[in-house]
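Below is one structure; the comments refer to it alone.
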Amino acid sequence: MQDMIATPGHSWRQMEEELRLMHDLIGGTAMMRRAGARWLPREEGESWGAWRARLNRSVLFNGVGRLVQVLSGTPFRQDVSLQDADKAIIAPLHHSLSAIMRGCARILMLIRLAR
């Protein structure tokens, strides 16, 4: 396999299953139903029709989607503020920390928009 920008890296491949779960959870009931047997496997001896009925009456409370929505905005609404005593120690990192936190907020927002 040729290594290109679109080729998933080793770390991505390791996280892929967890990311798929997050994507499906954020998508709510409709996404989880589309995933079908991946997240709601058939019971042993369960007929296809019985499993389908169980799948169609299963409901997912979208707590994860709401959590991502809240977290993507709440912690990063204000820039980092430093106390006078901390400025000498942290001042060189202040701009870097603010940029990192804005980047984290953007990533959380992208996750939220991807659903």
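The values are calculated or read from the model by the stated rules, or taken from the named source; none is laboratory data. Bear in mind the structure is a predicted one, so any value in this text is a computation, not a measurement. Using ideal geometry, Cβ is built from the backbone for each residue, glycine included, and neighbour counts are taken over all protein chains shown.
Here are the numbers for the structure shown:
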| item | result |
| --- | --- |
| Single match in W39, W48 (criterion: more than 21 Å from L108 (Cα to Cα), outside the structural domain of M109 (by TED's automatic domain parsing), of a type outside the set (G, A, S) and touching a helix residue (DSSP H, G or I) at 6+ places or on another chain (Cβ under 8 Å)) | W39 |
| Hey, V59 at pLDDT below 90, under 30 Å from L108 (Cα atoms) and either of a type in the set (V, I, T) or crowded, with 16+ Cβ neighbours inside 10 Å (or both) or not | no |
| Evaluation of Q78 against (1) assigned to a loop (DSSP other than H, G, I, E, B); (2) at pLDDT 80 or above (one fails), failing number | (2) |
| Matching residues, the range 1-53, being outside any helix (DSSP H, G or I) and under 14 Å from the mean Cα position of the chain (by Cα) | G27 |
| Within the range 1-36, tally of residues that are polar (S, T, N, Q) and closer than 23 Å to I107 by Cα | 3 |
